[in-house]
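As structure tokens, the structure follows; a few thoughts come after it.
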Amino acid sequence: MEQQHKRRVRYSGTHPKRFEEKYKEHDPEKYADTVAKVISKGSTPAGMHISIMVKEILEVLRIRPGEKGLDATLGYGGHSRKMLEQLEGSGHLFALDVDPIEIVKTQERLRQAGFGEDLLTVIRTNFANLAEVGAKHGPFDFLLADLGVSSMQIDNPARGFSYKLEGPLDLRLDPEHGVSAAERLRELTADEFEGMLMENSDEPYAAQIAAEVYKRLRRGEKIETTTALAQAVEAALSFLPDTKEKKDLIKKTNQRVFQALRIDVNSEFEVLESFLDALPDVMAPGGRVAILTFHSGEDRLVKKAFKRCYQEGIFSEISRDVIRPTAEECRANGRARSTKLRWAVKPL
């Protein structure tokens, strides 16, 4: 019996609007021209992630053929691919990721690009477990940790990372473990939520937002979607005068609120501290490490850890000043704007 050709699901209008309908961007190898057009306009195609500060990272890590390295945050695999290319077929890269959805896609993508098991080992684990990974597979000549959330996670409404897209208020990097952001809100008090907003994102309107969110929860309203939380945030700022700047202020406030919740749900500061504590012991003599951060709390932790290790002689060199992406890169990729790069070297 002849197999019937399966037609692609059609969408209404001239362009796909829903995440699931963006079939071209979900298969970038097949629709390279379309993806290139999206990127050329300074946007990131849905389902993709544009790696940040690749040139600067490679300059810092100085990867040589035959070395052993670790990408602690695999994500879409863009940084891993560039590091693998530097090995020129000799050496090995280990790559970690906690996301059970994206890790499968990325591993397949890198395998199809020609990086087999002799060159690349992908491990599903949180990079907080660096000590265990290092004990089994280290020490490493070069390491990278990109602490940003991947665009694939942000753009997928089902993951609940963006206030712009209707979806469940989840925010977990690993949706198979832990509690969602919606559940976390139900566990906290208004005072605890206010403290979280202040500590995790320096939110200036933390008191007003916490009061509005918990007023709604007390009267039985459910805040279980991204839209419900975004509406509560906007209502909390209703006391502000209606000016042309207010819309932008609401946008930035929502970004900070979602960031604060994401940091809490995924214990991101605690995870980073565990990584930094284990880092010196998994680095080979002469080893190099680069870390990309995306907000001040992360950067403070990295800066403090590197400075302490330098003063104690554990590191022979550290970045004196933070390295930022070029203006050209920020224009091409808006998600690069908040990025900071720090590096360190272990003595021979």
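The values are calculated or read from the model by the stated rules, or taken from the named source; none is laboratory data. Values in this document were obtained by computation on a predicted structure and should not be read as measured data. Cβ: placed from backbone, ideal geometry, glycine included. Neighbour counts: every protein chain shown. For accessibility, only protein heavy atoms count, side chains too; no ligands or nucleic acids. Shrake-Rupley method; radii C 1.70, N 1.55, O 1.52, S 1.80 Å.
Using heavy atoms of the protein chains and a probe of 1.4 Å, the accessible area assigned to GLU199 is about 130 Å².
Filter the chymotrypsin sites (Phe, Trp or Tyr not before Pro) in the range 247-348 to those in DSSP coil with at most 16 other Cβ atoms within 10 Å of their Cβ, and list the result. If you can, show how the numbers build up before the last one.
Details: sites: PHE258, PHE269, PHE275, PHE294, PHE306, TYR310, PHE315, TRP343; in loops: PHE294, PHE315.
Nothing satisfies the criteria.
Each residue of the range 207-223 is assigned a 3J(HN,Hα), and the resulting list reads 5, 5, 5, 4, 4, 5, 4, 7, 5, 5, 5, 5, 8, x, 6, 9, 10 Hz, derived from the Karplus form 6.51 cos²θ - 1.76 cosθ + 1.60 (θ = phi - 60°), x at Gly and Pro.
Taking amide H positions as modeled 1.01 Å from N, with prolines and chain starts lacking one, the residues under 5 Å from GLU203 and 5 or more places away or on another chain are MET198.
Taking every protein chain into account, the 1.4 Å probe leaves ARG300 with about 130 Å² of accessible area, to the nearest ten. For the listed residue pairs LYS215/LYS246; LYS105/LYS340; LYS105/LYS247; LYS55/LYS247; LYS68/LYS346, the alpha carbons are over 25 angstrom apart in LYS105/LYS340; LYS105/LYS247; LYS55/LYS247. Among the chymotrypsin sites (Phe, Trp or Tyr not before Pro) found in the range 76-121, not one is both in a DSSP coil and sparsely packed, with 14 or fewer other Cβ atoms within 10 Å of its Cβ. The residues of the range 220-323 have, on average, 48 Å² of accessible surface per residue, using a 1.4 Å probe with all protein chains present. Taking 0.36 nm per residue of sequence separation and removing the Cα-Cα distance, the ALA135/VAL322 pair yields an extension gain of 64.3 nm. 3J(HN,Hα) couplings calculated from phi for the range 187-204 with the Karplus curve 6.51 cos²θ - 1.76 cosθ + 1.60 (θ = phi - 60°) are, in sequence order, 7, 8, 9, 4, 5, 5, 5, 4, x, 4, 4, 6, 6, 8, 8, 6, 6, x Hz; Gly and Pro show x. Between MET283 and PHE140, the built amide H atoms are under 5 Å apart, and every one of these is 5 or more places off in sequence or on another chain. Hey, what's the Kirkwood Rh for the range 248-348 if you take every pair of different alpha carbons, in angstrom? 15.1 Å is the Kirkwood radius here.
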